[in-house]
Amino acid sequence: MYLLNTNICIYVINKRPQSVVQKICNLNPSDVKISSVSVAELERQGKIIGPYDMQLAAQALTRGLTFVTNNSDEFTRIKKLKVENWLQDLLKANPT
């Protein structure tokens, strides 16, 4: 099961990149969760994770979900949280 971060939802809404859209299409809808929390841009200090991001991570941890985000650097600091970045391969192939 997956909990999608807001940035991944935006990619799906925009229907690009195609690799992310294809991943969603290949999943069973019951395996995809979207948080009701709307994540705003937060100022970050050091390695502190914003309070909304902590809530999202806590939801994924307590439910045993894999958290999907394009902000994996921040979330991989949380021990035991399963994190996937569906854009990672695309970004490596097409750095901007």
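Quick note: the coordinates plus some simple rules give every number you see, no bench work behind them. Note that the structure is a prediction, hence the values are computed from the model and not measured. As a convention, Cβ positions derive from the backbone with ideal geometry for all residues, glycine included, and neighbour counts pool all protein chains shown.
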Nitroxide proxy distance, nm - points 7 Å out along Cα→Cβ at L27 and L91: 1.8 nm
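For the peptides 87-93, 25-31, 70-76, 1-7, what is the packing order when you average, over each peptide's residues, the other Cβ atoms within 10 Å and list the highest mean first?
Numbers: 87-93: 12.0, 25-31: 8.3, 70-76: 16.3, 1-7: 19.3.
The densest-packed peptide leads the list: 1-7, 70-76, 87-93, 25-31.
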